[in-house]
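S.K.: I have a structure I would like to understand better, so I am pasting it below and will then ask my questions one at a time.
No value in this document is a laboratory result; all are computed from the given coordinates. Being a predicted model, the structure only gives us computed values, none of them experimental. No Cβ is skipped: glycine too gets one built from the backbone with ideal geometry, and neighbour counts run over all protein chains shown.
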Amino acid sequence: MNDLNAILAPGMCVTHPDHPEWGTGQVQSNAGGRITVNFPDQGKVVFNSAQVALIPVFDPS
């Protein structure tokens with residue numbers, strides 16, 4: 001399985017495929033297969049990049 005989350009860098013915006021109600025989050029870090037994202041309606045969440053394919057948002061407006 002390719003790790004599509006590998007392209008995610010701090011500052012990028014993403015959404016969670018299973019939780020759109022969390023809103024658009026900002027990547028805080030991406031290291032060692034763990035991605036920390038700060039969501040406006042959920043707070044900071046840490047993901048195992050092998051289990052969740054976050055969706056990049058290129059126009060967060």
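S.K.: From the alpha carbon gyration tensor of the chain, can you work out the equivalent ellipsoid semi-axes (sqrt of 5 times each eigenvalue) and give them in Å, largest to smallest?
M.R.: The equivalent ellipsoid of the chain has semi-axes of 17, 12, 11 Å.
S.K.: Further question: Could you grab the relative contact order for the chain? Cα pairs under 8 Å, six or more apart, rounded to a whole percent.
M.R.: Relative contact order for the chain comes out at 35 percent.
S.K.: Restrict the search to the chain; then list the chymotrypsin sites (Phe, Trp or Tyr not before Pro) that DSSP places in a loop and that have at most 13 other Cβ atoms within 10 Å of their Cβ.
M.R.: PHE58
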